[in-house]
Amino acid sequence: MCGFVGTLKGNLRDIASSRAVARAGVCLVHRGPDASGLHSSGPFAAAHHRLRVLDPSPLGDQPMTTGDGRLCLVYNGEIYNHRELARRHGLGTRGVPLRSRTDTEVLLRLFESVGPACLPELNGMFAFAVWDRQAGKLWLARDPFGIKPLFYMITGGAIWFASEIKALLRVPGFERRLCLEAIYHYFSFAYIPGEATPFEGILELRPGWVLEATSGDALTVRTRRYWSPRLGDLVPGDIDETACRVRTLLDEAVDRHLVSDVPVGVMLSGGMDSSTLAATMARLLGHSDFHTFSVGFDEPSFDESRWARLMARHLGTRHHHVLVTPESVAGNLERCLSFLDEPYADGSAIPTWLLAQEASRHVTVLLSGEGGDELFAGYDTHLAYAVRQVYRWFPGPVRRAARRLADGLPVSHDKLSLDFKVKRFVDGAEASVPVSHFLWRRLFSDEEKRRLLDVEAGTLEEFGPSHRLFEARFEEQDTADILNRLLGIDLAYHLPDDLMVKNYRMTMAHSVEARVPFADRPLVEFVSRLSSGVKMRWGQGKWLMKRAMADRLPVEILHKKKVGLEMPYSSWFCGPLRGFLLDVLSPEALRDIPILHAPFVARIVREHLERRADRGRELWGLVNFVTWYRLTFREGHRDGGK
């Protein structure tokens, strides 16, 4: 884990300000507390802060240049197949030998040899910038699953790029303006989807894309996709052989992710994915003398800690448990948002922050299970699609009766309670497949957003309905397998824009590097082309994965109900966090946020506190937005740092 910021002037004869770049990079020290560097070359300048994970010697420090000074690289991430690539391309065996054991040097030498043509060969998590002084070109590239972030903006005839938004906010002359379209979509998804950010003019490079900027008489910029998953409908002839292949690919993925010169631990929720990683790590190491970490709650329906402890005891790891309390959530919200740099309402963010804080006392690298559900069809929304196929066979009057019955169910604040699941299901089941997939996850409806956002008439209509993002991704995929197309939507949006944001930024805040073995390229490429019929079978998600791991995991873990990491904010808002809620969303506080319609916010608060509806998710989304807005536009942006 590292951080960088840089700029390229559009005119090749201009000189980039290394002082401005260095000032912008000060706020990234927490990402790389072990070493820092600055490079300036005519119209290009870049600053880098390094966390030493591979080859902790100064030989791996950045910015890193080729011997002749032609290329300069700033890089954040891990290329897990860098040794294989070095052998394949003869790096270090012909001409100049490799000076270090770092993947950074291999990446630089690859670019020196074949340029951006090397991108499809990379297996890892990465975001980097390469400047070619001779060609006057800058390349920005991001890994296929969006594990590592990379932001950029074009201003004053120059392009600026950085690992975090906050570094770009320090660019001289930049004026913060809210991107209303990004906020409009935030209130649907609970995160900002796609390339947008909450700031006008700042964009995020999409996963699997490369940007090429050329400096000459004026700046030219173009982007292209260099990789995307190929989703298929292959029905394997021998299911046991396929399960064995999945197990082998998982072993190889975890083995690659264990390469480190610093201690590695595991985020262990007790779910299928994290338990698989812990069991595989123990098998590969030949022992279980490593650290595992879990979080828990006092509310039983939200707490998975007993499963995490069961798995830790089964393996014999050094297990650490963190209890998440309402007080710790309220006390850390502002700090978390200062590292997120944007409104973000996934309820797993602060628990992940607290886990990473504890983990930082013991390890520098954490394995995490993100991606397993997107690959193997593990979400309730995937099961809902299968149920929808049967539900839609019932005649309209029966479905309308089901709607009335659902509306009459009593409100519960338990995790994935019956009333929540039934109401949400019947609400979405009447729509098309991709729109159903959206509705089962949405925060506010489009109608509610029109009442929530106090903007000029017609403004929101220009953006179109948020579900069009899912529809577009659904239609552009060339597989006939409908469930796989839904998994493709999740790989394009939910994984990079929600899960990776939480996972990466909350661990990075504590100088911990999170690694995601389920996003290993060979594993993803193999599983993606398989028919969804082996991923979900007989209403059971992750059927193939469970078959692959049957002899490695306790039966209790294999067959436990999926819970997922979420906070019980619905009940907390009616209890210990009631005062906090009323304070953050008070009419006085909302006066400073002109785009929110305060009477509608007050109505949602009343509905929840009077238990007329479970509005916990919507209220958490509002609390996060209001707090982020106040920190960003009213109190000045608080730079992250330890």
Quiz prompt | 1.4 Å probe accessible area per residue over region 278-365, in Å² | solution = 36 Å²
Self-check item: Charged-residue dipole, Cβ positions (Lys, Arg, Asp, Glu), region 459-593 about Cα centre, Debye nearest 20
Solution: 880 debye
Quiz item: Within a Cβ distance under 12 Å of Asp251, other residues only, what is the Lys/Arg minus Asp/Glu net charge?
Solution: +2
Quiz item: In nm, what is the difference between 0.36 nm times the number of residues separating Glu212 and Val390 and their Cα-Cα distance?
Solution: 59.3 nm
Practice problem: Once you have the Cα-Cα distance between Arg318 and Arg603, take 0.36 nm times their residue separation minus that, and quote the gain in nm to one decimal. | Solution: 97.8 nm
Practice problem: Would you calculate the separation in nanometres between label points at Glu84 and Leu558, each defined as 7 Å from the Cα along the Cα-to-beta-carbon direction? | Solution: 2.9 nm
Exercise. List the residues of region 374-395 whose backbone N lies under 16 Å from a point placed 7 Å from the Cα of Arg404 along the Cα-to-Cβ direction.
Key: 395
Practice problem: Would you work out the charge dipole size for the chain about its Cα centre, treating the Cβ of every Lys and Arg as +1 and the Cβ of every Asp and Glu as -1, and quote it to the nearest 20 debye? | Solution: 380 debye
Self-check item: Segment Asp68-Glu456, extension gain: residue separation times 0.36 nm, minus the distance between their alpha carbons
Solution: 134.1 nm
Quiz item: List the lysines whose alpha-carbon lies under 23 Å from that of Lys535, not counting same-chain residues fewer than 8 positions away?
Solution: Lys421, Lys546, Lys560, Lys561, Lys562
Quiz item: When ranked by the protection proxy of mean other Cβ atoms within 10 Å per residue, highest first, what sequence do the peptides 467-476, 259-268 form?
Solution: 259-268, 467-476
Exercise. At a 1.4 Å probe radius, which order do Trp209, Trp393, Trp227 fall into by accessible area, largest first?
Key: Trp393, Trp209, Trp227
Quiz item: How large, in percent, is the carbon and sulfur part of the accessible surface of the chain at a probe radius of 1.4 Å?
Solution: 51 percent
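The values are calculated or read from the model by the stated rules, or taken from the named source; none is laboratory data. Not measured: the values here are computed from a predicted model. Every residue, glycine among them, receives a Cβ derived from its backbone with ideal geometry; neighbour counts consider all protein chains shown. Ligands, DNA and RNA are excluded from the accessible area calculation, which covers all protein heavy atoms including side chains. Shrake-Rupley method; radii C 1.70, N 1.55, O 1.52, S 1.80 Å.
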